[in-house]
1. In the protein assembly as shown, what percentage of the DSSP-assigned beta bridges are antiparallel, given to the nearest 5?
2. Can you sort B:Tyr238, A:Tyr81 from fewest to most other Cβ atoms within 10 Å of each residue's own Cβ?
3. If you build a Gaussian network model of chain A, linking Cα atoms that sit under 10 Å apart, which residue out of A:Glu146, A:Glu343, A:Glu77 swings the most?
4. Of A:Lys208/A:Lys426; A:Lys335/B:Lys54; A:Lys59/A:Lys290; A:Lys230/A:Lys327; A:Lys423/B:Lys234; A:Lys60/A:Lys367, which pairs sit farther than 26 Å apart, going by alpha carbon to alpha carbon?
5. Say each of A:Gln416 and B:Asn112 gets a label point 7 Å from the Cα, pointing the same way as Cα to Cβ; how far apart are those two points in nm?
6. Using Cα atoms only, what is the angle between the long axis of helix A:122-132 and the major principal axis of chain A, expressed in degrees (0 to 90) to the nearest 10?
7. Can you give me the Cα centroid spacing of the stretch A:51-101 and the stretch A:110-170 in angstrom?
8. For a quick check: sort B:Asp201, A:Asp361 by the number of other beta carbons within 10 angstrom, fewest at the front.
Amino acid sequence: MMKSGFARMTGVVSVAAVLLSGCTGAGGNEKQGASAGNAGQKVTLKAIMEQVPDSDIVKKMVADFNKENPNIDVNIEMLPYDQIRDKIVTSFLAPSATYDLIVVDNPWMNDFASAGYLEPLEERVKAAGADYNYQDFSAPLRGIGEVNGHTYGIPFYNYALGLIYRKDLFEKQGLKPPSTLAELRQDAKLLTTGDQAGLAMQPQRGYKIFEEWANWLYAAGGAIQDNAGKITLNSPQAREALTQYIQTYKESAPKDSLNWGFDEALRAVSGGKAAMMLSYNWMLPALNDKGGQAGDLAGKFGLAEVPGGKSVLGAWYWSIPANTKNKEQVWSFIKWITSPQHEKQRVIAGGAPVRNSAMDDSEVQQKGFGVEYYKTVKAILKNAAPLGNSLNAEEMVQTVGTELSQAVSGQKSVDQAIADADKEAKDIINAKK
Amino acid sequence: MRKNKSSGGRRSVSLSLPYEWRMLLPLLIVMVAILAYPLLYSFWISFRNIEITKPHQNQFVGLVQYAKVWQDPAYWNVLKNTFGFVCMAVSMELVLGMILALCLKNMKRYRNVTRAILLTPMFITPIAVGLMFRYLLSTQLGLVPALLHLFGISIDFFSANMALFSLSMIDVWQWTPFMLLMLLAGLENLPEEPYEAARVDGAGSWYILTRITIPLMSPVMIVAVLIRALDAMKVFEYVYAITRGGPGTATETLQYYVYKTGFGYYNLSKASAVAWTVVIFVMIVLILILWRSTRGEQR
């Protein structure tokens, strides 16, 4: 079996190497003439997407797209998160792309773009004109898709973090959503009674704990990277944030929840076992959905900005792989699905918004989840920053997330974990430059 | 076949190879293609600097990757975790397997049925076992913590101190049957004479076990432990399905580290280097043990 492990690995590697030598330099320079010549024929685009409700919404909209574009079929393959990145990378390395249309998670953007695997889109965006209104996308979201002065991804949906809390429990105690870390810790402690935890936390090693803790870091006035991209984790603010985080975990998180991630926290909150969680803003409508997971508690949840007001931003992007032959058709679809008009349609159907115009739209507010919700989401998006936006962000995020987890589980002291996280993150970022 | 050799070798085209090599050839070709080639290829790239996200970078860097691995504290930590896991799992499997094998051997009725039932865990794919235990042991949903709760016991099976132990117990659950199978076969092949002689001399059952059965069984036990230990070293599925190496780095094992480095961080060369350190280590252990055991037999 160990050998077969190697075989598996080297299999991919050999594919990789053949291609690496084969397509050096050929990266982004496909001839556009070829695809233009195909315009009259029917083309099937193979798309890969994550198995999430937002993808389902897009899938349902494909029929509408086909009414306007009968010659372009979009065949969507949906996979769990763990599998899609490997599949996408394999497709990049293949002589001809397995997938014509891909979605890119924000930590992958810089790596994929810098390696030349993604098609630059700025010319096409410009050609789409004022109607398309690219500036309408929330600014922090646009920032992630732009690497070294080129646009490689168009925002698909956001997963910025907000504070989801039980309105009824807060009212009973006469509380308002916490706006500082101290208030958060205090409220969480106050709401911890019996088998109800104040705050369902997600200290699972890797992305999850970093995603949650970074909100603490922002609230304490710290930052992951400065404007020049230099790692600034070794700061008093970071140590304070981690100390507070651990204290809050000890006082108010559910018992034995060191390995908890998104699913577990959601289960605790929807089952009435926790009063708050820091989670994706679009969990609110799901929780308040009558007949949804929360059962009788539906309608009792509220969404607020995270304490401190600056939250961790996550987002998915539409991108065109450099090695697909059908770039023009793929762009037709991306342009269509992200246009102001269809963004509106997508958001009304329950999709997470990325355009300011959609969040301001009265029809969206009315048919969607109400004025209050979209106002909060817009405010969250306005002041949000991703965990990592440089080369090798994925490795940096995982490494820092491991150090944080070691501090929370008591394997390292706060000072040690912060110092190590800072050093390792610097090594990772610098090694790649 | 019949006359080939005796008739002095009628030569035809492409058959200049000896008969046995010709028969082996198809298998050899397959082995080279799917085993030797990828293995050597991974050896080759462990001396280069190939990264998936850097398509233009592919140079010979000598032992740089190995030096990086050597200096990486994470590598020593995964080695420690892996050996901890192997020791806990295999020793437990050996003891349990031996007890079960002795019981089964003395069983008069329903022996085959019992054996078949005991073997079932082996036939479940490990990733499914991982997921199964992830939910069984989950503090939020799990049956086991809920039952323990009835007795006022509260254990977090995946806390920093417990997680590696819990994973090794899952391995015990799944692979003790393998140990049982090997040891039972060994027990059934033991000669009867020493036992008869011992009984005539009035030896007790504990004496018989420690002075006759275990010494006679030791070659079988060595092989069984070896196979299990090598197999346990490649533990990946439980880690992947349950803890992803956490909390902290408490359950990060070698194979998970290779996976993380190669596929998670795109660094194929470093991943190959790590993998090759394992190959070298395993070779050394194997050669030593086999050399010792053959020397023992010759005496």
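1. Bridges in the protein assembly as shown that DSSP calls antiparallel: roughly 60 percent.
2. Placing the least packed residue first, the sequence is A:Tyr81, B:Tyr238.
3. A:Glu77
4. Pairs exceeding 26 Å: A:Lys335/B:Lys54; A:Lys230/A:Lys327; A:Lys423/B:Lys234.
5. Placing both labels 7 Å beyond Cα along the Cβ direction yields 5.8 nm.
6. Orientation of helix A:122-132: about 70 degrees from the principal axis.
7. 18 Å
8. B:Asp201, A:Asp361
Every number here is computed from the coordinates shown, using simple stated rules; none is lab data. A quick note: this is a predicted structure, and the numbers were derived from the prediction, not measured. All Cβ positions, glycine included, derive from the backbone under ideal geometry; neighbour counts span all protein chains shown.
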